[in-house]
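Undergrad: Pasting a structure below so you can have a look.
Computed from the coordinates by the stated procedures, all read-outs in this text should not be read as laboratory data. Worth saying up front: this structure is predicted, and the values here are computed from it rather than measured. Here the Cβ is made from the backbone with ideal geometry for all residues, glycine too, and neighbour counts use every protein chain on show.
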Ligand SMILES: Nc1ncnc2c1ncn2[C@@H]1O[C@H](COP(=O)(O)OP(=O)(O)O)[C@@H](O)[C@H]1O
Ligand SMILES: O=P(O)(O)OC[C@H](O)CO
């Protein structure tokens, strides 16, 4: 029976714990949203370059979203027993440490964008063997992976150092922290992570999908002194336990994926050659390369796309942009340019072009494919002619230029050029951004009608384990209707000229944070 004709009797819930907000979304078997609740939580910036979250607030935001969405769901006449399982998807690399005896966090979560470990990372890069790490774990040494955040805490936070020395230190990415807490903390002691999250620590061997003792030793960490999560499949009936509290108490958690992997799954990127670009807080392009990792020679990362069991474990090449939609939030929150993010495109459209302005939004240095850690946000080309609209336009364009640079690298690494780019994430709501993107990369951009693809990916991971879906083919019809296609409207020469200006600006933004 195709999903379109199957009776809608089962539902799946998805927790989407992103960088700026948490959502809980309930999907039916056709992959349609039935109920949802979303909460924004506090962004803590204690110093320039530092970015933290309160770990307890992450948990309470999840619980509040579950209760909010379930209340809506029940109002529609459904019963919560119809929710067969819950999947988790989360911001990756963000690092939480806690005491395994008390279950209490020892420090704020250090967010993936945080650059405080910059000096530490520079020292590590001098250590013998540093250049060989990427071929084992897929990630380059930078402030981005969890390990640099953990090492900083061990050097600088007394309670973390003491817990390590006493052997009571638990360390995890957000999926592990949430699963531990949602299961009831120390009453159940569930410590799990899936490969798409565990691979972002720099401790996992990409091919074996297991912790690599040589990597852990290289970072001079004693594995016996840290409680690490067990690495299990992204889709699993029992490993993730069940919800201890909330209105869904007793419902099993059966899926877990890092948010960028989840978006690839939600875009049905199950087979090699499929790609998606998610314009959230950051912006992340993942390209499915098949069941063996491909290592980049052009500044991209290798990562696990998803692990749904034998024959269904795929890898991806990834291009990560540290600042995507957060550049829009920056203009709203720090400069009061406009009242909210949805209005920035309208401001950008008050002018015809960027008026010669280029904004390198390197607030956390530049990630892929450049990896310039000492660049900082720099605006070029300001003259007496410059209006707020020009800055707005240059801000939106920055993410599109970086996506173009990533696609060029992907073409070189894979030997193939993409024919179409599937997109999602908050910033893709801007038609101007999507048209600019298509113009710069010279291929169509395909924006689905239902843009909660990250949550859908987590629901698919859980739904596979719960038996709601059993083959990738069944899902191919999901979310096809109502897509918008943006086609290139400028010549390749015009696009190249614009891109040359951007590349010049990137070179000139180097070295500021030295
Ligand atoms: N219409 C819009 N135009 C431009 N940016 C937008 C728009 N709507 C949302 N955004 C940006 O999208 C981001 C939120 O996207 P989302 O996918 O929810 O991110 P995350 O999962 O990282 O929290 C915010 O940074 C916001 O500034
Ligand atoms: O919150 P997002 O959607 O920008 O995603 C964060 C990434 O997982 C960081 O690697």
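Undergrad: Per the Kirkwood formula on distinct C-alpha pairs, the Rh of segment 104-165 is how many angstrom? Show your work: numbers first, answer last.
TA: On the way: mean 1/r = 0.0796 Å⁻¹.
Across segment 104-165, the inverse of the average 1/r is 12.6 Å.
Undergrad: Ok, one more. Kindly work out what percent of the DSSP beta bridges joining two residues of the chain are antiparallel, to the nearest 5.
TA: 70 percent
Undergrad: Any idea how far apart residue 33 and residue 72 come out in nm if each label point goes 7 Å out from Cα toward Cβ?
TA: Reported label-point gap for residue 33 and residue 72 is 0.7 nm.
Undergrad: Stick to the Cα atoms of the chain, pair each with every other, and give me the Kirkwood hydrodynamic radius in Å at one decimal.
TA: 23.0 Å
Undergrad: If you don't mind, there's one more thing I want to ask. In what order do 64, 503 fall by count of nearby beta-carbon atoms within 10 Å, going from fewest to most?
TA: 503, 64
Undergrad: Right, here's the next one. For a quick check: sort 298, 51 by the number of other beta carbons within 10 angstrom, fewest at the front.
TA: 298, 51
Undergrad: What relative contact order, as a whole-number percentage, does segment 1-122 give when Cα pairs under 8 Å and 6 or more residues apart are counted?
TA: Dividing the mean separation by the residue count of segment 1-122 yields 27 percent.
Undergrad: Given 0.36 nm per residue, what is the gain on full extension from residue 339 to residue 130 after removing their alpha carbon distance, in nm? Intermediate results must be reported in sequence, preceding the final value.
TA: Working: separation 209, 0.36 × 209 = 75.24 nm, distance 4.52 nm.
70.7 nm is the gain from fully extending residue 339 to residue 130.
Undergrad: Shifting gears a bit: Rounded to the nearest 500, what is the chain's calculated 222 nm mean residue ellipticity when only DSSP H runs of at least 4 contribute -39500 (n - 2.57) each, over all residues?
TA: -9500 deg cm²/dmol
Undergrad: Order by neighbour count: 393, 122, fewest other Cβ atoms within 10 Å first, most last.
TA: Fewest to most other Cβ atoms nearby, the residues stand as 122, 393.
Undergrad: Using the basic label-point model (7 angstrom from Cα toward the beta carbon), what is the residue 485 to residue 387 distance in nanometres?
TA: In this crude label model, residue 485 to residue 387 measures out at 3.4 nm.
Undergrad: Would you mind calculating the relative contact order of segment 11-257 from Cα pairs under 8 angstrom and at least 6 residues apart, reporting the percent as a whole number?
TA: Numbers: 508 pairs, mean separation 47.9, N = 247.
Normalised by residue count, the contact order of segment 11-257 is 19 percent.
Undergrad: Full-extension gain between residue 81 and residue 187, please, as 0.36 nm times their residue separation minus the C-alpha to C-alpha distance. Could you put the intermediate results ahead of the total?
TA: On the way: separation 106, 0.36 × 106 = 38.16 nm, distance 2.43 nm.
Length gained, residue 81 through residue 187: 35.7 nm.
Undergrad: Quick check: pseudo-label points 7 Å beyond the Cα along Cα→Cβ at residue 352 and residue 207, how many nm apart are they?
TA: 5.7 nm
Undergrad: For residue 155 and residue 471, compute 0.36 nm times the residue count separating them, minus their Cα-Cα distance, and round to one decimal in nm.
TA: Details: separation 316, 0.36 × 316 = 113.76 nm, distance 4.72 nm.
The span from residue 155 to residue 471 would gain 109.0 nm if fully extended.
Undergrad: What FRET efficiency would be calculated for the residue pair residue 104, residue 513, taking the C-beta separation as r and a Förster radius of 45 Å, to the nearest 0.05?
TA: The formula returns an efficiency of 0.85 here.
Undergrad: How high is the relative contact order of the chain, given as a whole-number percent (alpha carbon pairs under 8 Å, six or more residues apart)?
TA: The normalised contact order for the chain reaches 15 percent.
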